[in-house]
Amino acid sequence: QRQGLGRRKVSTMARLKQTYREEIAPALHDKFKRANTVILGVSRDSIASHNKFKEKQGFKFELLSDPEEKLCRKFDVIHEKTLYGRKFMGVVRSTFLIDAEGKLRGEWRNVKVKGHAEEVLEAARAL
């Protein structure tokens, strides 16, 4: 019985992920586009890794590669983290809202996924 329950849970998660990828994410992408907002993701991963991730997840926005951490350091997102008691330097998930003139208009640190995109969209619309 436990195995069956596990399989149901996995298929439910797969459906939720599929719903997000196919319905919610495209709708949000379109809303940001209508708000004249460009979304760029940045990480230390390679361009090849980004392309694979974008294809698998169906992402519609650009991902920038920053293996030397120049942009990450400029935005001060490299901080000490702890995982299973081990300390290391890692990227703190953050969002920055920059206006058409290049001025920083908003920033969110230690981002949690739920509700975050809608909050940023609201701020972008207010510009």
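The values are calculated or read from the model by the stated rules, or taken from the named source; none is laboratory data. These numbers were taken from a predicted model, which means no experiment stands behind them. For neighbour counting, all protein chains shown are included, and Cβ atoms are generated from backbone atoms with ideal geometry for every residue, glycine included. Just so you know, the surface numbers come from the protein's heavy atoms only, side chains and all, with ligands and any DNA or RNA stripped out. Shrake-Rupley method; radii C 1.70, N 1.55, O 1.52, S 1.80 Å.
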Worksheet item: Applying the Karplus parametrisation 6.51 cos²θ - 1.76 cosθ + 1.60 with θ = phi - 60° to the phi angles of the stretch 61-66, what ³J(HN,Hα) value in whole Hz is obtained for each residue in order, glycine and proline being reported as x?
Response: 10, 7, 10, 9, 8, 10
Discussion item. Accessible area of the stretch 22-127 with a 1.4 Å probe: how many percent of it is carbon plus sulfur?
Written reply: 52 percent
Practice prompt. Counting only heavy atoms of the protein chains, get the accessible area per residue of the stretch 25-127 (1.4 Å probe) and round it to a whole Å² value.
Written response: 76 Å²
Worksheet item: In the structure displayed, which of 56/87; 31/112; 31/103 lie more than 25 Å apart, Cα to Cα?
Response: 56/87
Worksheet item: Across the stretch 30-39, in residue order, what do the Karplus-derived ³J(HN,Hα) couplings come to in whole Hz, using 6.51 cos²θ - 1.76 cosθ + 1.60 with θ = phi - 60° and x for Gly and Pro?
Response: 5, 5, 5, 4, 5, 8, 6, 10, 9, 10
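Would you mind getting me the FRET efficiency between residue 123 and residue 84? Use the beta-carbon distance for r and R0 = 30 Å, nearest 0.05.
Working: r = 35 Å, r/R0 = 1.17.
Given R0 = 30 Å and the Cβ-Cβ separation, E is 0.30.
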